[in-house]
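The values are calculated or read from the model by the stated rules, or taken from the named source; none is laboratory data. The structure displayed is predicted, hence computed values, not measured ones. All Cβ positions, even for glycine, are placed from backbone atoms using ideal geometry, and neighbour counts span all protein chains on display. The protein model used for the area step is the full one, side chains on, heavy atoms only, and it has no ligands, DNA or RNA in it. Shrake-Rupley method; radii C 1.70, N 1.55, O 1.52, S 1.80 Å.
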Amino acid sequence: MSDTAEKVKKIVVEHLGVEEAKVTPEASFIDDLGADSLDTVELVMAFEEAFGVEIPDDAAEKITTVKDAIDYIEKQKGG
Amino acid sequence: MFQNGFAPRRVVVTGMGIACPLGLGIEHVWKRMLNAESGIGSIQSFDTSALPAKIAGQVPAGTKAEGGLDISEWIPVKDQKKMDRFIQLALVAAEEAVEDAGWRPEDEESRCRTGVMIGSGIGGLETIHEAATLAVQGKIKRISPFFIPSALINLASGQVSIRYGFKGPNHSVVTACATGVHALGDAARLIALGDADVMIAGGAEAAVCELGVAGFCAARALSTGFNDTPTKASRPWDEGRDGFVMGEGAGVMVLEEYEHAKARGAKIYAEVIGYGMSGDAYHITAPAEGHEGAYRAMKAALASAKVTPAEVQYVNAHGTSTPLGDDLELEAVERLWGDAGKGLAMSSTKSAVGHLLGAAGAVEGIFSILAIRDKVAPPTLNLEKPSRESVIDRVALHAQERKIEVALSNSFGFGGTNASIVFRAAP
């Protein structure tokens, strides 16, 4: 697992208060990890802070799973 | 409960919960209070070096078993950041009260007949401070999506309703330091009028933060002369008093329609028999001359309770330990009670826990009910030399056994808002 993936997972566990094992790449924040719409807003803010990236609202709306987040962040950092 | 002859439904108290500077749990707190212990200490939660007041009553840390607060025992970590401390304290006191009352209905109808009315004087002040700091630092986009729902006063009622599925009236009171009494009185009236059968009612406050202390300091309201001897600072009616001591906490009661409580075999602590309100129309922070607003609130409360002053054995005073307010309240009580004042015990439990602002009326309502239950008047700590003599026994220093059947509790707030509530021993 990449550093980004590890860090994303850690943030999700902390913010949503879920077990680590549940945070699989395919897991949906809302459907699988018990988040509501405000939780996802906060989560995206936590990603921005942790990775020093800007995630605009239209991009944030498309980040619905753990993998979406990892991919987006890696792309930003790579680019 | 009403003055106009309308026949309302009777309202009783079937559960009580408290988080205050003397700890958590009504029995633990009450035992310490009767033991003349103080919950006032030096503020450790932030730097007070630039502030003239450096002391407050804060809810002690510790486990539930010790009567202390470890918030993770009550609220999941994930949810803690969604609520300011005042809401957390409200949830703790509500949990205790609901548990005490044994009221956890599963059916939709009962849930729809159960409402919540928990108020606060100030609300999420520390949360607002944190968000404002981000704005000042140019980090406005870092403001949390939970900022507003964490700071809003009615979210205490909202969070309690969400936790238990109580779908009845969901309301909130904001009347500064009169909030607690207004919440209890208004909630009791909702039951009396038939809007609900059960109300979870009370007040919560957590304004012992930098902005809160600084604001009350600026208003010259706080004690500043006892920073080295914090337990001596709150001294209602004593000649050495120099302002109030801030406190934090929450008090919550389960109020219930009498027949409803009887039908389910609930334990009944007391009945809410009277409630009165008034406004001073005088000054933003100072009480009116002769505390005539307080006089009218108490008079209205006794009239609605259909009792005479002579039938009231205990008054839990607003008594904040301010130079002006304490003696004016005493004067109003003396005037209303007249000769009956000789048989009256009146104490200020703020001497032990400080002034819990919007939670004060709720926790003091609880103390009044426990005074009725145990036939004992809690003490006014530090009342060593009264600034003025009175026929009214102010229960100096030590608790007193008394035949208490009816008790009145006062709360007055900035803006000139006054409220009094009257309880009687369980029917």
Restricting region B:98-152 to residues that are free of Cβ contacts under 8 Å to residues at least 60 places away in the same chain, of a type in the set (A, V, I, L, M) and in a loop (DSSP other than H, G, I, E, B), the one surrounded by the most Cβ atoms within 10 Å (Cβ to Cβ) turns out to be B:LEU152
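This table checks each residue for (1) under 23 Å from the mean Cα position of the chain (by Cα); (2) closer than 24 Å to B:LEU370 by Cα; (3) surrounded by 13 or more Cβ atoms within 10 Å (Cβ to Cβ); (4) not small (Gly, Ala, Ser).
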position	(1), (2), (3), (4)
B:GLY39	yes, yes, yes, no
B:GLN58	yes, yes, yes, yes
B:LEU69	yes, yes, yes, yes
B:LYS82	no, no, yes, yes
B:LEU89	yes, yes, yes, yes
Inspect all residues belonging to region B:157-170 and state whether any of them is within 27 Å of B:ALA261 (Cα to Cα) and in a strand (DSSP E or B).
yes
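Table: residues versus (1) closer than 21 Å to B:VAL213 by Cα; (2) of a type outside the set (Lys, Arg); (3) away from chain A (no Cβ under 14 Å); (4) over 19 Å from the mean Cα position of the chain (by Cα).
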residue	(1), (2), (3), (4)
B:VAL98	no, yes, yes, no
B:ARG104	no, no, yes, yes
B:GLY121	yes, yes, yes, no
B:LEU125	yes, yes, yes, no
B:LEU134	yes, yes, no, yes
B:SER150	yes, yes, no, yes
B:LEU155	no, yes, no, no
B:HIS182	no, yes, yes, no
In region B:389-419, how many are in contact (Cβ under 8 Å) with a residue 24 or more places away in the chain and in a loop (DSSP other than H, G, I, E, B)?
15
Exactly one condition in (1) open to solvent by less than 60 Å² (accessible area, probe 1.4 Å); (2) assigned to a helix (DSSP H, G or I) is false for B:GLU27; which is it?
(1)
Does at least one position in region A:46-62 carry a residue that is open to solvent by 70 Å² or more (accessible area, probe 1.4 Å) and among the hydrophobic types (A, V, I, L, M, F, W, C)?
no
Which residue out of B:ALA360, B:ALA371 is part of a helix (DSSP H, G or I) and without any contact (Cβ under 8 Å) to a residue 60 or more places away in the chain?
B:ALA371
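Against the condition within 13 Å of another protein chain (Cβ to nearest Cβ), among the charged types (D, E, K, R) and in a loop (DSSP other than H, G, I, E, B), how does A:GLU49 come out, does it pass?
In short, no.
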Touching an Asp or Glu at 6+ places or on another chain (Cβ under 6 Å), within 11 Å of another protein chain (Cβ to nearest Cβ) and surrounded by 15 or more Cβ atoms within 10 Å (Cβ to Cβ): is that true of A:VAL13 in this structure?
yes
Matching residues, region A:65-79, being β-branched (Val, Ile, Thr) and not in a helix (DSSP H, G or I)
A:THR65
Of the criteria (1) open to solvent by less than 70 Å² (accessible area, probe 1.4 Å); (2) away from every other protein chain (no Cβ under 14 Å); (3) aliphatic (A, V, I, L, M), which one A:ALA21 fails
(1)
Against the conditions (1) closer than 19 Å to B:PHE244 by Cα; (2) open to solvent by 20 Å² or more (accessible area, probe 1.4 Å), where does B:TRP74 fall short? Just the number, please.
(1)
Got a sec? Which of B:VAL174, B:VAL160, B:VAL181 is within 15 Å of B:GLY413 (Cα to Cα), open to solvent by less than 10 Å² (accessible area, probe 1.4 Å) and touching a residue at least 40 places away in the same chain (Cβ under 8 Å)?
B:VAL181
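Residues checked against (1) of a type in the set (Val, Ile, Thr); (2) without any contact (Cβ under 8 Å) to a residue 24 or more places away in the chain; (3) part of a loop (DSSP other than H, G, I, E, B); (4) in contact with a helix residue (DSSP H, G or I) (Cβ under 6 Å, 6 or more places away or on another chain):
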site: A:LYS9; (1), (2), (3), (4): no, no, no, no
site: A:VAL18; (1), (2), (3), (4): yes, yes, yes, no
site: A:ASP31; (1), (2), (3), (4): no, yes, yes, no
site: A:ASP39; (1), (2), (3), (4): no, no, no, no
site: A:GLU61; (1), (2), (3), (4): no, yes, no, no
